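See below for the structure under consideration.
Taken together, the values in this text are just the output of simple stated rules run on the coordinates, not laboratory data. Since we're looking at a predicted model, the values are computed, not measured. So basically every Cβ, Gly included, is an ideal-geometry build from the backbone, and we count neighbours across all protein chains shown.
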Amino acid sequence: MEKTTESKAAEAKATEVKTATAEPSTGPVRIQLAMPIIYRTSKKKGKRKYTKGLKSVQRLGRGMVRASERMGSGLDRGLSSFRSRTESSSKKKKDGAIIDSVKNFTKGAGKTLRTASRAPNDVLKKVDTKLITRQVRNAMRIGWPLLG
């Protein structure tokens, strides 16, 4: 079936409204398909919920897990360093892995300790120091008269 000129003109008007171009086109109107624009908004972090009296225990547990994770990653980093240095030493000279073993071990141990030494701070960050300070202060109030 052939379209009439009126339906073609109506269709052309509809496509002109749908497509936005910088200049009005003088030729035949073509439908341009464009990708949709998707806006992503950052999601708000949820607040942790605790049972009364168990907040400090759960926070300490998260700190201990983070410290353990850091210890593991430090050990991984140090052993990877030791292994790669040992391989390169064995390729450079005869019995290079044995000759440079102490040097390679100390370099790897240094990387392990550098990373793992931050583990105690991970635990301490999660502990409520205000509560501990209050407990120490109360203990000192009781203890001072006994010492004096």
- Message: Only counting other Cβ atoms within 10 Å, I'd like Ile142, Ile38, Ile99 sorted with the fewest neighbours first.
- Response: Ile38, Ile142, Ile99
- Output the pairs from Lys43/Lys130; Lys45/Lys130; Lys49/Lys125; Lys52/Lys126 with a Cα-Cα distance over 23 Å in this structure; if there are none, say none. Lys43/Lys130; Lys45/Lys130
- Give me the number: length gained by fully extending Arg134 to Ser42, i.e. 0.36 nm times residue separation minus the C-alpha to C-alpha distance, one decimal in nm. 29.3 nm
- Would you calculate the separation in nanometres between label points at Ala109 and Ser80, each defined as 7 Å from the Cα along the Cα-to-beta-carbon direction? 2.2
- Note on the structure: Over the Cα atoms of the range 55-124 the radius of gyration and the largest Cα-Cα distance (Dmax), both in Å, equal 16.4, 59
